[in-house]
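Worksheet: one structure, shown below.
The values are calculated or read from the model by the stated rules, or taken from the named source; none is laboratory data. None of these values were measured; they are calculated from a predicted model. Please note that ligands, DNA and RNA were not included when accessible areas were found on the heavy atoms of the full protein model with its side chains. Shrake-Rupley method; radii C 1.70, N 1.55, O 1.52, S 1.80 Å.
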Amino acid sequence: MVVDARLGALRGNPSLNASLVRRLSRGSFVSIRGSQRTGDGILFHRVAVNSRTSGWIQSDAIVAGWRANDDERLLRLIAGPDEFERLARSRIFLDTFPHSPLRPTVLLLYSQAAEEAAAQLSHQAQRQFERNEVPTNAAPLFSYFMNYNGLDRYNRQGARFVFDQSTKTFHYEGAALREILRRYPQSKEAPEARATLDKLEALKAKR
């Protein structure tokens, strides 16, 4: 799967100067058919995107569940200021490496990115519904927030949110944190997961 779209150029030959066939986005699946290293040390894989499209892509752009150390390499990519990119790459990790010893770390990173996103989504939704006032005789206010279209791309990454009506804010619902406690109760991530879930339960109790 492509994890670094910055390097996701599919080329006609194994060379950084070769003609561009197309650019592959993060999350694109490819099938590796062969490999070749260039004189300047870049490893290329010959890949098939579908029955009609194939080419060469830089090895650093993709990860595979069967390749040694690819989980470590992807973990290093889960960084940066954009919470959606961190969340999306974490989702790829969780789907690709179900048995990696690094999974508790990535589950926590996923939950942190989702909660950061929740804060931004809260602000954006509040502004939208202030500009477009919700009729008093319409559907319940919380249902407008839970249908806010800004949630859609996060929903596609498996992130779900709850809504605090008293503050009109979203919060990550905590599935990744519960997995940490269920599957990795002795991990170093477990105390933070428990503390965050306790805060979430306290918020639910106030609603």
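For the range 1-40, the fraction of 1.4 Å probe accessible surface lying on carbon and sulfur atoms is 45 percent.
In the complete set of protein chains, residue-level accessible area for Glu201 is approximately 90 Å², probe 1.4 angstrom. Note: the range 22-96, Cα convex hull, 117 Å³ per residue. Heavy-atom accessible area, probed at 1.4 angstrom with all protein chains present, ranks Val21, Val47 as Val21, Val47, highest first. Once you order the gyration tensor axes a ≥ b ≥ c over the Cα atoms, which shape class does the range 150-207 get: rounded for a/c under 1.5, otherwise prolate or oblate by comparing a/b with b/c? Taking the square roots of the gyration eigenvalues as a ≥ b ≥ c, the range 150-207 is oblate.
Mind checking the angle between helix 190-206 and the chain's longest principal axis? C-alpha axes, 0 to 90 degrees, to the nearest 10. Rounded to the nearest ten degrees, it is 40. Computed on protein heavy atoms with a 1.4 Å probe, the accessible areas place Phe44, Phe142, Phe29, Phe129 in the order Phe29, Phe142, Phe129, Phe44, largest first. Shape of the chain from the C-alpha gyration tensor: oblate (a/c of 1.5 or more and a/b not above b/c, with a ≥ b ≥ c the square roots of its eigenvalues). Based on C-alpha pairs under 8 angstrom that are at least 6 apart in sequence, the chain has a relative contact order of 14 percent.
Split the accessible area of the range 52-207 by element, probe 1.4 Å, and carbon with sulfur accounts for 50%. Here the sum of -39500 (n - 2.57) over DSSP H runs of 4 or more residues, divided by the residues of the chain, equals -13500 deg cm²/dmol at 222 nm, to the nearest 500. Per residue, the range 71-207 exposes an accessible area of 56 Å² to a 1.4 Å probe, with every protein chain left in place.
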